[in-house]
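Engineer: Below is the structure I would like to discuss, written out as structure tokens.
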Amino acid sequence: MPASGAESRPLANRPPVSEALRQLRSGEITIDEYLDLRADAAVAHLTNFLTASELQTIRETIREQLTTDPVLLELVRRATGHDVSGGDR
């Protein structure tokens, strides 16, 4: 039976590794720094539409979810190979 999900995709069809993920894998940044960068990227497209305060609230909410939501915790683990403790902040 063929593998499912990303494991079954040929390497040529996989998305490129983000710079943040490359830095995490090489040890240049910690998992917490990686999650901060991902939260920043998630709100970057909203900078022209929201106030700085609103952006910060959304970013903090996303960052918190990355360390508490079981589904997101599993996705982070799969993407990075790191378990997120959630208690490092």
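Engineer: Identify all residues within the range 48-68 that are of a type in the set (Asp, Glu) and out of contact with any Leu (no Cβ under 9 Å at 6 or more places or on another chain); write none if there are none.
Structural biologist: Start the filter on the range 48-68 by keeping residues that are of a type in the set (Asp, Glu), which leaves 54, 60, 64.
Glu60, Glu64 - these are the residues of the range 48-68 that are of a type in the set (Asp, Glu) and out of contact with any Leu (no Cβ under 9 Å at 6 or more places or on another chain).
Engineer: Could you grab me the full set of residues in the range 42-89 that are open to solvent by 80 Å² or more (accessible area, probe 1.4 Å), closer than 26 Å to Gly27 by Cβ and either of a type in the set (Asp, Glu) or in contact with a strand residue (DSSP E or B) (Cβ under 7 Å, 6 or more places away or on another chain) (or both)?
Structural biologist: Glu64, Asp83, Asp88
Engineer: In addition: Return yes or no: is Ala52 in contact (Cβ under 8 Å) with a residue 40 or more places away in the chain and more than 13 Å from Asp32 (Cα to Cα)?
Structural biologist: Numbers: in contact (Cβ under 8 Å) with a residue 40 or more places away in the chain: no; more than 13 Å from Asp32 (Cα to Cα): yes.
No.
The values are calculated or read from the model by the stated rules, or taken from the named source; none is laboratory data. Quantities reported herein were computed from a predicted structural model and do not represent experimental measurements. In this analysis, Cβ positions are derived from the backbone assuming ideal geometry, glycine residues included, and neighbour counts consider all displayed protein chains. Just so you know, the surface numbers come from the protein's heavy atoms only, side chains and all, with ligands and any DNA or RNA stripped out. Shrake-Rupley method; radii C 1.70, N 1.55, O 1.52, S 1.80 Å.
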